[in-house]
Amino acid sequence: MILAPSLLSANFGCLEKDISMINLSQADWFHIDVMDGVFVPNISFGQPVIKYIKQLAKKPLDVHLMIVEPQRYFEDFLRVGADILTIHFEASLHLHRSLEEIKKLGMKAGVVLNPHTSVSLLEDVIECCDLVLLMSVNPGFGGQKFIENTYNKIEKLKALTIKKNPNCLIEIDGGVNLENANKLISLGADVLVAGSCVFSSENPIETIKQFKTIL
């Protein structure tokens, strides 16, 4: 299982300290949520901050674009250090073309589905995906409650990937914690994004270690 702590839940006043903690931990990726205040209500951070994170990070940057017209910024995010770039199905008019463009630039390409979006809509693009990120909360805010229907979506997505793209990773973002992680993995999740659970912990490194012991 790949664990990707979400820097949206980090202490922005001590960002270097939190990045160092992730570097020293057993976590695998940095998950970075980019919000534009249009596709989702909040605004988070953009290219200059990600460039700074890249200078300090010793693990891949998993950049999740919660923005309108994401195709305008693929090269920008490559330049500042994104290793994985995920774009929302709901924000992409030409999804197949966008996924191919991301891969041509040398990044891993992923699609994100909001809680209301059916897995079946990926039938014709799943073969282009390096990963699919299922939102298990409504995007735009940290600390939300996990949406139970996500379990059903994981099972459907797992069946689709087995059929058409066995190498495609399944990533879950929102309300992930030590209580539901085992079930998520058992149903087919490969990557877990953990935000509040990690950064609100009294001992984040130990919490990450506990995640990594889940089979």
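Readers should treat all values here as calculations from the given coordinates under stated rules, not as data from a laboratory. All of these numbers come straight from a predicted model, not from anything done at the bench. Please note: Cβ atoms are built from the backbone with ideal geometry, for glycine as well, and neighbour counts cover all protein chains shown.
Local charge sum around residue 56 (other residues, Cβ-Cβ under 13 Å, Lys/Arg +1, Asp/Glu -1)?
Overall, the nearby charge balance is +3.
On a C-alpha basis, how far is the centre of the range 49-87 from the centre of the range 119-142 in Å? Whole number, if you could?
The distance from the Cα centre of the range 49-87 to that of the range 119-142 comes to 17 Å.
Output the antiparallel fraction of DSSP beta bridges having both residues in the chain, as a percent to the nearest 5.
5
For the chain, what does the helix formula give at 222 nm: sum of -39500 (n - 2.57) over DSSP H segments with n ≥ 4, over the residue count, nearest 500 deg cm²/dmol?
When only DSSP H runs of four or more count, the value is -9500 deg cm²/dmol.
Taking only C-alpha pairs under 8 Å that are 6+ residues apart, what is the relative contact order of the chain in percent?
22
Taking a virtual spin label 7 Å from the Cα of residue 1 along the C-beta vector, which residues in the range 148-191 bring their backbone nitrogen under 14 Å of it?
It comes to 170-191, nothing else.
For residue 186 and residue 152, compute 0.36 nm times the residue count separating them, minus their Cα-Cα distance, and round to one decimal in nm.
11.0 nm
Lys/Arg Cβ at +1, Asp/Glu Cβ at -1, dipole of the range 2-212 taken about the Cα centre: which of 203, 98, 114 is farthest positive-ward?
Most positive-ward Cα: 203.
Roughly how many nanometres apart are two label points built 7 Å out from the Cα toward the Cβ at residue 121 and residue 68?
1.7
Highest GNM mean-square fluctuation, the chain, Cα pairs closer than 10 Å: which of 181, 159, 109?
Top of the fluctuation ranking is 159.
Please list, by residue number, every one of the trypsin sites (Lys or Arg not before Pro) in the range 22-125 that is coil in DSSP and has at most 15 other beta-carbon atoms within 10 Å.
58
Please count, across the range 49-190, the pairs of lysine residues with Cα atoms under 14 Å apart that sit 8 or more places apart or on different chains.
Step by step, the pairs that qualify in the range 49-190 add up to 4.
Would you mind working out the magnitude of the charge dipole of the chain relative to its Cα centre, with +1 at each Lys and Arg C-beta and -1 at each Asp and Glu C-beta, to the nearest 20 Debye?
That gives a dipole near 320 debye.
Residue 93 versus residue 206, label points 7 Å from Cα toward the beta carbon: distance in nm?
The modelled label-to-label distance comes out at 5.3 nm.
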